[in-house]
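Read through the structure below, which is laid out as structure tokens, and then see the notes.
The values are calculated or read from the model by the stated rules, or taken from the named source; none is laboratory data. Note that this is a predicted model, so its numbers are computed, not measured. All Cβ positions, glycine included, derive from the backbone under ideal geometry; neighbour counts span all protein chains shown.
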Amino acid sequence: MTKPVRDMRKNLRLLAREADDGGVPFRIARFAPLRHADAIAAIEPIEPWASLGYPAGWLETYLTRRDTALYRFTLLRENESGDVAPAGYMAVRFPWLVGPFLELLAIAPEHQGSGLGAFAVARLQQAAHRAERQLWTSVALHNPRAARFYERLGFVPTADVPDLLRPGFTERLLRYDARP
């Protein structure tokens, strides 16, 4: 195993252990199949999964299935009273070609626009920088809001892949180059 691969694996494991960013009400925790039913139920019916026709229960199955190359995280948000609760999920596949692949970033509707997604992606970008890796993700073309989100964070389109997830739907592959 090469040093950049070891470094990236270490950085992914450390994502959930890094110190808080003073005053930011967000946290990243390693996913543990606790009682996340409410948060999962809030995320399942949103785009792009609604248009793709994913069945009920798909997110829980995805987050709990055995897959040693998938790093799963729960995105937490602190409320006004100081309680922390699940507000989203992130899953990163590594190794994947020439860098990690952000396979899932799902934020509950009531937390979208709060900065939680940008916080999680920024942490992932920092991990990629430390390991001198490229970071990849994809967005559904029928989800322009997600495409704008990633482009604001420095991702650039690299290719369109028709029929990747479902016939008739095209995904756009995006790359963030974290190499020096």
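With respect to the conditions (1) more than 30 Å from Arg6 (Cβ to Cβ); (2) charged (D, E, K, R); (3) in a loop (DSSP other than H, G, I, E, B), Glu151 lacks only one, and its number is (3).
Within region 126-156, if we keep just the residues that are of a type in the set (A, V, I, L, M) and under 15 Å from the mean Cα position of the chain (by Cα), the residue that is nearest to Gly168 (Cα to Cα) turns out to be Ala140.
If I filter region 61-73 down to residues being more than 25 Å from Ala122 (Cα to Cα) and not β-branched (Val, Ile, Thr), which single residue comes out as modelled with the highest pLDDT? My answer is Arg66.
Here is a yes/no grid of residues against (1) small (Gly, Ala, Ser); (2) touching a Lys or Arg at 6+ places or on another chain (Cβ under 9 Å); (3) at positive phi:
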position: Asp83; (1), (2), (3): no, no, no
position: Ala87; (1), (2), (3): yes, yes, no
position: Arg93; (1), (2), (3): no, no, no
position: Val98; (1), (2), (3): no, yes, no
position: Glu103; (1), (2), (3): no, yes, no
position: Gly117; (1), (2), (3): yes, no, no
position: Ala131; (1), (2), (3): yes, yes, no
position: Leu141; (1), (2), (3): no, yes, no
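For region 74-90, the criterion of being modelled with pLDDT of 85 or more and of a type in the set (S, T, N, Q) is met by at least one residue.
Of the residues that sit in region 8-54 and are of a type in the set (D, E, K, R) and over 27 Å from Val139 (Cβ atoms), which one is modelled with the highest pLDDT? Step by step, filter region 8-54, then rank; the result is Lys10.
Among the residues of region 155-178, is there at least one that is within 28 Å of Pro25 (Cβ to Cβ), surrounded by 20 or more Cβ atoms within 10 Å (Cβ to Cβ) and aromatic (Phe, Trp, Tyr)? Yes, that holds for at least one residue. When residues in region 48-97 are screened for being farther than 23 Å from Gly115 by Cα and not in a helix (DSSP H, G or I), 15 of them pass. Within region 154-180, residues that are within 20 Å of Gly117 (Cβ to Cβ) and without any contact (Cβ under 8 Å) to a residue 40 or more places away in the chain sit with their Cβ atoms under 7 Å from residues that are part of a strand (DSSP E or B) and among the basic types (Lys, Arg), at 6+ positions apart or across chains, in these pairs: Phe155/Arg175; Val156/Arg175; Pro157/Arg172.
Each residue in region 91-111 was checked for being at pLDDT below 90 and among the aromatic types (Phe, Trp, Tyr), and 1 pass.
Restricting the search to region 154-179, which residues are charged (D, E, K, R), part of a strand (DSSP E or B) and closer than 23 Å to Pro45 by Cβ? Answer for region 154-179, where residues must be charged (D, E, K, R), part of a strand (DSSP E or B) and closer than 23 Å to Pro45 by Cβ: Glu171, Arg172. All of (1) surrounded by 13 or more Cβ atoms within 10 Å (Cβ to Cβ); (2) under 14 Å from Leu12 (Cα atoms); (3) not aliphatic (A, V, I, L, M) hold for Gly88 with one exception: (2).
Aliphatic (A, V, I, L, M), at pLDDT 90 or above, assigned to a loop (DSSP other than H, G, I, E, B) and surrounded by fewer than 21 Cβ atoms within 10 Å (Cβ to Cβ) - does that describe any residue in region 119-137? Looking for residues that are aliphatic (A, V, I, L, M), at pLDDT 90 or above, assigned to a loop (DSSP other than H, G, I, E, B) and surrounded by fewer than 21 Cβ atoms within 10 Å (Cβ to Cβ), one finds none in region 119-137, hence no. Candidates are the residues of region 148-180 that are at pLDDT below 95 and of a type in the set (Gly, Ala, Ser); the one that is nearest to Arg13 (Cα to Cα) is Ala178.
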